[in-house]
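Asker: Dumping the structure here so I can ask a few things about it.
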Amino acid sequence: MTHGAAPRPLTQVMGVINVTPDSFSDGGRFLRLEDAVAQAIRLAEEGADYLDIGGESSRPGAAEVSEQQELDRVASVIERVAREVDVPISIDTYKPRVAAECLELGASWVNDITGLEDPEMVRVISRAGAGVVIMHMKGRPQTMQADVQYDDVVQEVRAFLEERGERAREAGIEQVVVDPGLGFAKTAAHNLEILRRLEELASLEWPILVGPSRKSFLGSLPSGLPPEERLEGTLAAVAVAVMNGAAIVRVHDVAETKRVVEVLDAIRSA
């Protein structure tokens, strides 16, 4: 560590809970309220610093759901988890009404995969005094893989996140995190390049969140493993992300990730 430099904060881990029938990795596992709450408690006990709860799958080609369907899936889960778990809750949604109701029920963050595309979402988050994760994506999950052309993927993602971060700041949103959006409107090669060049995003003034967990670019490697067998690949991506500047990693496997980032943080601070 450079003499006199302030140590970087410890890496935080966001645990994923998908209350959906069709998410690529854990779809259908936590549809029942009791199952979702039990998973939230388990991830908190494993050391999750945040819990990210979502009611609409964002995998390529996933079915789009209405506001009411999404609320029916997540509202009672967030209300119960907020009562039973002392960990900040993020609602994974791009719909302002869903975000507003979940913030009233106990969520304190919004994870918006469209990166604050909707001006009403900006107003909802600002009024609630909540935090936001601004992610890069082009299009919608149903169409995003049809638009994967970039001259320089890292610089284009950086410009997008800088512009949307400024949008949040101008609205008075104080807690901002940015996410390059691995797997969203990007090829496997783009995702690997973003991880390799993540330090180029670290010059942004907001903390970086990276979500490589079990994603398809890991399955595109020669091993060709299915989602349930991508733990080691996820942890390798986590290691690269943390060493290149990620402040938060979003994963399904919290216990294993906490063990890895503990070592990484020790190395960074040595």
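All of the numbers you see were taken from the coordinates with simple rules; none came from a lab. Computed from a predicted structure; not experimentally measured. Note: ideal-geometry Cβ built from the backbone for every residue, glycine included; neighbour counts use all protein chains shown.
Asker: How would the range 42-100 be classified by its alpha-carbon gyration tensor: rounded, prolate or oblate, with rounded meaning a/c under 1.5 and the a/b versus b/c comparison settling the rest?
Answerer: On the way: a/c = 2.46, a/b = 1.65, b/c = 1.49.
Prolate shape, in that a/c is at least 1.5 and a/b is the bigger ratio.
Asker: Give the peptides 71-83, 215-227 in descending order of average Cβ contacts within 10 Å, highest first. Please report the intermediate quantities before stating the final value.
Answerer: Values: 71-83: 20.4, 215-227: 15.4.
So the order, starting with the most tightly packed, is 71-83, 215-227.
Asker: If a/c stays under 1.5 just call it rounded; otherwise compare a/b with b/c (prolate if a/b is bigger, oblate if not). Do that for the range 124-249, with a ≥ b ≥ c from the square roots of the Cα gyration tensor eigenvalues. Mind dumping the intermediate values first?
Answerer: Numbers: a/c = 1.81, a/b = 1.61, b/c = 1.12.
Taking the square roots of the gyration eigenvalues as a ≥ b ≥ c, the range 124-249 is prolate.
Asker: Further question on the same structure: Regarding the chain, what are the three Cα extents along the principal axes, ordered largest first, in Å?
Answerer: Dimensions of the chain along the principal axes of its Cα atoms: 49, 42, 39 Å.
Asker: Based on a Kirkwood Rh over C-alpha pairs, give the Stokes-Einstein translational diffusion coefficient of the range 200-270 at 4 °C and viscosity 1.567 mPa s in µm²/s.
Answerer: 102
Asker: Hey, which lysines would be in cross-link range of residue 138, C-alpha to C-alpha under 29 Å, not counting anything within fewer than 8 residues on its own chain?
Answerer: Within the straight-line cut-off, residue 138 pairs with 95, 186, 215.
Asker: Over the chain, what is the relative contact order in percent, taking alpha-carbon pairs closer than 8 angstrom and at least six residues apart?
Answerer: Values: 528 pairs, mean separation 50.7, N = 270.
Rounded, it is 19 percent for the chain.
Asker: Now, a different point. Size of the dipole of the range 12-269 about the Cα centre, Lys and Arg at +1 and Asp and Glu at -1 on the beta carbon, nothing else charged, in debye to 20? Before the final figure, lay out the partial values.
Answerer: Details: 27 positive and 44 negative charges, 50 e Å.
Rounded to the nearest 20 debye, it is 240 debye.
Asker: In percent, how large is the relative contact order of the range 166-270, given Cα pairs closer than 8 Å and 6 or more residues apart?
Answerer: Values: 128 pairs, mean separation 27.9, N = 105.
RCO, the range 166-270: 27 percent.
Asker: Taking only DSSP H segments of four or more residues, each worth -39500 (n - 2.57), what value at 222 nm results for the chain once the sum is divided by all its residues, to the nearest 500 deg cm²/dmol? Don't jump to the answer; show the numbers that get you there.
Answerer: Working: 9 runs with 111 residues, N = 270.
Counting only the DSSP helices, I get -13000 deg cm²/dmol.
Asker: What's the extension gain from residue 188 to residue 35 if we count 0.36 nm per residue and subtract their Cα-Cα distance?
Answerer: Going from the current span to full extension adds 51.8 nm.
Asker: What is the gain in length, in nm to one decimal, between residue 202 and residue 159 on full extension, counting 0.36 nm per residue of separation less the C-alpha to C-alpha distance?
Answerer: Numbers: separation 43, 0.36 × 43 = 15.48 nm, distance 1.25 nm.
My answer for the length gained is 14.2 nm.
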